[in-house]
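Colleague: Once you've had a glance at the structure underneath, I'll fire off some questions.
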Amino acid sequence: MVDAHSPGYLLAARRMVWCGLLLFVLGLAGIAGSRSDGAISWECEPACRRVESGLWNTVGTAGALSAVTGVVLVVAAFLMIMLRRPRSESEGRGG
């Protein structure tokens, strides 16, 4: 059983929160970059149409996956911290 009151447990949860936030922000940046005007070009052969390269599609997909993974990490860390059981009386007395 994992000791939910150990400093290592809380450190792991804290790291999960920060890594999750970082992944979420980077994912949003990837999504925004793939949707920007610089990522979309115009081809005008018989008629003009918007063309998005495969690389920018990949960047958008990776950004979405990163954002979702970040949210999952933050939620898991939040649950790790909030759903800890209180110390039992025998643990509190050292026995």
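The values are calculated or read from the model by the stated rules, or taken from the named source; none is laboratory data. Predicted, not measured: the structure shown is a model, and the values here were computed from it. Here the Cβ positions follow ideal geometry from the backbone for every residue, glycine too, while neighbour counts run over all protein chains shown. Each accessible area value is taken on the protein alone, full model and side chains, heavy atoms only, with ligands, DNA and RNA left out. Shrake-Rupley method; radii C 1.70, N 1.55, O 1.52, S 1.80 Å.
Colleague: When the helix-only estimate is applied to the chain (DSSP H runs of n ≥ 4, each -39,500 (n - 2.57), divided by the residue count), what is the mean residue ellipticity at 222 nm, nearest 500 deg cm²/dmol? If you can, show how the numbers build up before the last one.
Modeller: Working: 3 runs with 62 residues, N = 95.
Using -39500 (n - 2.57) per qualifying helix, the result is -22500 deg cm²/dmol.
Colleague: Only Lys, Arg, Asp and Glu count, each charged at its Cβ (+1, +1, -1, -1), so figure out the dipole size of the chain about its Cα centre, rounded to 20 debye.
Modeller: 440
Colleague: Taking Cβ-Cβ under 4.7 Å as the only way to count a partner, pick out the unpartnered cysteines of the chain.
Modeller: By the Cβ distance rule, which asks for a partner under 4.7 Å, the isolated cysteines are Cys19.
Colleague: Among Ala4, Cys48, Ser88, which residue has its Cα positioned farthest towards the positive end of the charge dipole of the chain, with +1 placed on the Cβ of Lys and Arg, -1 on the Cβ of Asp and Glu, and the dipole taken about the Cα centre?
Modeller: Ser88
Colleague: What accessible surface, in Å², does a 1.4 Å probe find on Met82, ignoring ligands, DNA and RNA and rounding to the nearest 10?
Modeller: 110
Colleague: What residue among Trp18, Gly70, Ala39 has its Cα farthest toward the positive end of the dipole of the chain, where the charges are +1 on Lys, Arg and -1 on Asp, Glu, each on the Cβ?
Modeller: Trp18
Colleague: Using a 1.4 Å probe over the heavy atoms of the protein chains, calculate the carbon and sulfur portion of the accessible area of the chain as a whole percent.
Modeller: Ligands and nucleic acids excluded, carbon and sulfur give 67 percent.
Colleague: Hey, of [x] 16, 28, 20, 15, 11, 6, 3, 1, 0; [y] 11, 20, 13, 9, 14, 26, 7; [z] 17, 33, 26, 19, 5, 0, which did the structure itself give for P(r) over Cα pairs in 10 Å bins from 0, in percent when calculated?
Modeller: So the calculated entry is the one marked [x].
Colleague: Ordered by residue, what ³J(HN,Hα) values in Hz, to whole numbers, does region 39-44 give under the Karplus form 6.51 cos²θ - 1.76 cosθ + 1.60, where θ = phi - 60° and Gly and Pro are x?
Modeller: 8, 10, 10, 10, 10, 10
Colleague: Further, regarding this structure: For the chain, what's the relative contact order in percent, using C-alpha pairs closer than 8 Å and at least 6 residues apart?
Modeller: Dividing the mean separation by the residue count of the chain yields 39 percent.
Colleague: On to the next question. Can you tell me which of Arg49, Arg84, Arg14 moves the most in a GNM of the chain? Springs connect C-alpha atoms under 10 Å apart.
Modeller: Arg49
Colleague: Give me the 1.4 Å probe accessible area per residue for region 15-73, excluding ligands and nucleic acids, in Å².
Modeller: Solvent-accessible surface per residue comes out at 70 Å².
Colleague: Roughly what angle does helix 54-82 make with the longest principal axis of the chain, taking Cα atoms, 0 to 90 degrees, to the nearest 10?
Modeller: That helix lies at roughly 20 degrees to the long axis.
Colleague: Just how much of Phe78 is accessible, in Å², when a 1.4 Å probe is used and the result is rounded to the nearest 10?
Modeller: 120
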